[in-house]
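Undergrad: The structure follows.
The values are calculated or read from the model by the stated rules, or taken from the named source; none is laboratory data. Quick caveat, the model's predicted, so the values are computed rather than measured. Here the Cβ is made from the backbone with ideal geometry for all residues, glycine too, and neighbour counts use every protein chain on show.
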There are 2 protein chains.
Amino acid sequence: MDHAKSAQTKALVLETALAMFRSKGFAKTTMRAIATEAGVSLGSAYYYFASKDELVLELYRESVAEQRVRATTALVGTTGLSDRLKAAVHSGLDALGPYHHFGGAFIASALPPQSAVNPFGEASRQARGDAVAIFEEVIDGTKVPAFLRPQLPELLWLAYMGVVLFWVYDRSGDQRRTRMLIDGAAPLIAKLVSISRLPVVRPLVEEALALKARVQA
Amino acid sequence: MDHAKSAQTKALVLETALAMFRSKGFAKTTMRAIATEAGVSLGSAYYYFASKDELVLELYRESVAEQRVRATTALVGTTGLSDRLKAAVHSGLDALGPYHHFGGAFIASALPPQSAVNPFGEASRQARGDAVAIFEEVIDGTKVPAFLRPQLPELLWLAYMGVVLFWVYDRSGDQRRTRMLIDGAAPLIAKLVSISRLPVVRPLVEEALALKARVQA
DNA sequence: GATATTATTTGAACACGTTCAAAAAGCGTG
DNA sequence: CACGCTTTTTGAACGTGTTCAAATAATATC
């Protein structure tokens with residue numbers, strides 16, 4: 001069932017795959033090449049990973065874990081919503097960094113609703129929860145209006161997904177423009193949160209939250 | 001070069017493909033099946049369309065044209081930003097309606113940056129311009145603060161892309177939830193536009209516009 | 001230790017999107 | 001009509017992700 005040898009082989013295939021993804025890109029890394037490089041047969045690779053996409057799901061999981069580690073460190077001693085947001089989001093992109101050049105392929109296999117890798121879907125529930133938890137950590141210890149607090153982490157995660165999408169398209173060196181976007185958007189979001197209790201703004205925000213709840217699931 | 005016969009064959013292949021996409025879905029419609037159904041050889045289909053994705057690009061173009069027709073009609077006699085927004089966006093989804101069940105595949109081939117079908121890319125510049133123009137038509141004759149007006153159509157188009165993404169994931173009957181989202185979000189956006197001149201909000205909006213400009217291209 | 005059961009491995013085979021060299025058809029020019 | 005040139009058509013071939021029945025190895029049961 002769950003022998004040590006088996007787990008070891010699975011890990012070997014996965015690590016070989018991720019290494020090849022990084023060095024050759026996603027499209028150019030064939031399942032046959034992964035199998036050969038890992039010293040197993042093609043069928044064996046498929047015994048452990050039902051599809052090439054499933055390898056991407058592992059990549060997603062690993063990157064979230066990596067983001068979490070980086071974010072936790074970066075958040076220590078960082079105060080204020082704006083800076084804490086920056087820390088979390090920059091951490092995410094740092095973790096994804098090595099995979100930028102096949103971001104397109106990543107999106108192609110990740111976004112289709114029926115895909116196992118779809119970040120909104122069932123299979124990635126855990127990873128998504130972990131990612132949202134990072135934003136819970138971000139707002140912990142910051143001043144956020146109570147009516148906004150429960151929904152905020154998920155909204156921030158959603159915005160983060162948007163940033164990742166932007167990042168995938170970003171062809172500037174070192175994805176400089178995405179970094180600019182983050183540094184510009186973080187204070188804006190912090191400001192928006194802070195004015196959200198004002199009488200002119202609050203009804204709008206509350207209506208938006210209600211809409212989100214109404215439309216969900 | 002551009003013989004009538006040739007154009008006719010091309011149109012035949014395209015229409016056969018779109019019809020099969022609608023009836024069987026994208027993934028299950030193979031290039032071989034399209035060719036057979038259209039009565040041409042596989043190589044001929046590829047002579048006219050360099051890839052399966054290119055057929056999707058045509059679909060995108062057609063759907064934008066269709067949206068434009070529907071929106072223009074729906075906008076006649078419709079006043080107020082909120083209602084005009086609803087008209088335009090509902091028109092878009094009406095046009096896309098028959099293709100909902102392969103929205104996932106659509107996204108998979110549309111979003112990768114290197115894809116010919118990518119709505120942000122070069123190949124779809126024209127179709128994108130047409131789509132943005134619809135939102136120009138939407139705000140024509142509505143009250144929009146001058147500092148916001150030039151950028152607004154593109155922002156609305158971007159939001160519309162978000163709605164389409166939501167729609168692709170929407171598994172409720174007749175995509176009811178997406179319709180709710182539109183009807184809920186349109187008045188919110190209209191409200192946001194109207195309060196954007198207020199002293200507390202305006203600096204935030206201006207800063208966001210500046211960020212958009214800074215980060216673009 | 002022998003045998004049955006389960007887990008793992010294998011590589012051939014399938015269908016697909018795509019490419020390509022060669023054939024066929026269409027066209028203009030003398 | 002005959003000749004060259006371009007446009008169009010063809011189907012075999014390639015490499016891909018994926019499936020699967022059969023073979024092998026590992027483990028459990030007696």
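Undergrad: Could you count how many residues in the range B:1-30 are part of a loop (DSSP other than H, G, I, E, B), more than 8 Å from DNA strand C (Cβ to nearest atom) and exposed (fewer than 14 other Cβ atoms within 10 Å of the Cβ)? Explain how you work it out, then say what you get.
TA: Within the range B:1-30, the first condition is being part of a loop (DSSP other than H, G, I, E, B), and the residues that meet it are B:1-3, B:25-30.
If we keep only those that are more than 8 Å from DNA strand C (Cβ to nearest atom) as well, we get B:1-2, B:25-26.
Narrowing further to those that are exposed (fewer than 14 other Cβ atoms within 10 Å of the Cβ): B:1-2.
Qualifying residue count for the region: 2.
Undergrad: Kindly check whether there is at least one residue in the range A:158-180 that is polar (S, T, N, Q) and without any contact (Cβ under 8 Å) to a residue 60 or more places away in the chain.
TA: yes
Undergrad: When both residues are 6+ apart or on different chains and their Cβ atoms are under 7 Å apart, which pairs have a first residue that lies in the range A:30-56 and is within 14 Å of chain B (Cβ to nearest Cβ), and a second that is within 9 Å of DNA strand D (Cβ to nearest atom) and in a helix (DSSP H, G or I)?
TA: The qualifying pairs are A:K52/A:M31; A:D53/A:S109; A:V56/A:S109.
Undergrad: Suppose the filter is in contact with a Pro (Cβ under 6 Å, 6 or more places away or on another chain) and in contact (Cβ under 8 Å) with a residue 40 or more places away in the chain; does A:G104 pass it? Walk me through it before giving the result.
TA: Details: in contact with a Pro (Cβ under 6 Å, 6 or more places away or on another chain): yes; in contact (Cβ under 8 Å) with a residue 40 or more places away in the chain: yes.
For A:G104, the condition - in contact with a Pro (Cβ under 6 Å, 6 or more places away or on another chain) and in contact (Cβ under 8 Å) with a residue 40 or more places away in the chain - is met.
Undergrad: Looking at (1) farther than 21 Å from B:D170 by Cα; (2) among the hydroxyl-bearing types (S, T, Y); (3) within 12 Å of DNA strand C (Cβ to nearest atom), which is the one condition that is false for B:T72?
TA: All conditions are met except number (3).
Results for (1) near DNA strand D (Cβ under 8 Å from one of its atoms); (2) outside any loop (DSSP other than H, G, I, E, B), shown as yes or no for each residue.
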{"residue": "A:R32", "(1), (2)": "yes, yes"}
{"residue": "A:G43", "(1), (2)": "yes, yes"}
{"residue": "A:L55", "(1), (2)": "no, yes"}
{"residue": "A:V64", "(1), (2)": "no, yes"}
{"residue": "A:G77", "(1), (2)": "no, no"}
{"residue": "A:R84", "(1), (2)": "no, yes"}
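Undergrad: Also: Being hydrophobic (A, V, I, L, M, F, W, C) and buried (at least 21 other Cβ atoms within 10 Å of the Cβ) is the filter; apply it to the range A:50-69 and report the residue that is nearest to DNA strand C (Cβ to nearest atom). Give the steps one after another, and end with the answer.
TA: Here is the first cut: in the range A:50-69, the ones hydrophobic (A, V, I, L, M, F, W, C) are A:50, A:55-57, A:59, A:64-65, A:69.
Then keep just the ones that are buried (at least 21 other Cβ atoms within 10 Å of the Cβ); that gives A:55-57, A:59, A:64.
Values: A:L55: 16, A:V56: 19, A:L57: 19, A:L59: 21, A:V64: 26 Å.
Among them, the one singled out is A:L55.
Undergrad: Scan the range A:78-101 and give yes if some residue there is surrounded by fewer than 14 Cβ atoms within 10 Å (Cβ to Cβ), modelled with pLDDT under 95, over 19 Å from the mean Cα position of the chain (by Cα) and more than 16 Å from DNA strand C (Cβ to nearest atom), otherwise no.
TA: Taking every residue of the range A:78-101 in turn, at least one turns out to be surrounded by fewer than 14 Cβ atoms within 10 Å (Cβ to Cβ), modelled with pLDDT under 95, over 19 Å from the mean Cα position of the chain (by Cα) and more than 16 Å from DNA strand C (Cβ to nearest atom).
Undergrad: Among the listed residues B:A190, B:A185, B:A159, identify the single one that is surrounded by fewer than 18 Cβ atoms within 10 Å (Cβ to Cβ) and of a type in the set (G, A, S). Walk me through it before giving the result.
TA: Working: B:A190 fails: surrounded by fewer than 18 Cβ atoms within 10 Å (Cβ to Cβ); B:A185 fails: surrounded by fewer than 18 Cβ atoms within 10 Å (Cβ to Cβ).
Only one candidate passes the filter, namely B:A159.
Undergrad: Does the range A:31-49 hold any residues that are more than 7 Å from DNA strand C (Cβ to nearest atom) and among the β-branched types (V, I, T), and which are they? Talk me through it step by step, then tell me what you get.
TA: Initially, the range A:31-49 is screened for residues more than 7 Å from DNA strand C (Cβ to nearest atom), giving A:31-39, A:45, A:49.
Result: A:I34, A:T36.
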